[in-house]
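To start, the structure under review is shown below, and the notes come after it.
The values are calculated or read from the model by the stated rules, or taken from the named source; none is laboratory data. The structure presented is a predicted model; accordingly, all values stated were derived computationally and were not measured. Methodologically, a virtual Cβ is constructed for each residue, glycine included, from the backbone with ideal geometry; neighbour enumeration extends over all protein chains shown.
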Amino acid sequence: MATFEVLDELMEITGATELHKHMWFWRRVLIREMKALGERGVDVDSLESLKQTHARETTKLAALTDVIDESLAGIHEKEHHVAKLDLND
């Protein structure tokens with residue numbers, strides 16, 4: 001039950017319904033809180049790991065977004081070719 005409450009709160013804060021956007025936001029919150037703990041002298045070994053994971057996932061998301069954009073461009077190009085073929089009939 002608590003998990004759904006957290007997700008609902010994230011959806012409200014971020015204004016987004018996509019899970020990856022919630023996770024991105026949540027990781028940023030965790031990183032900020034861990035940095036604050038580190039500044040107070042608390043050793044947080046997982047902070048560096050979390051930063052690396054966040055960077056990797058952000059890079060992966062950008063690459064996947066590029067693939068989707070290229071795929072959509074290819075689809076539109078093919079639709080244009082089909083439309084030209086239909087006009088030639």
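Pairing each residue of region 60-89 that is of a type outside the set (Ser, Thr, Tyr) with any residue that is surrounded by 10 or more Cβ atoms within 10 Å (Cβ to Cβ), provided the two are 6+ apart or on different chains, yields C-beta distances under 8 Å for Leu61/His20; Leu61/Trp24. Helices (runs of 4 or more DSSP H) fully within the chain that include at least 3 residues being out of contact with any helix residue (DSSP H, G or I) (no Cβ under 8 Å at 6 or more places or on another chain) and either of a type in the set (Ser, Thr, Tyr) or modelled with pLDDT of 85 or more (or both): 46-88.
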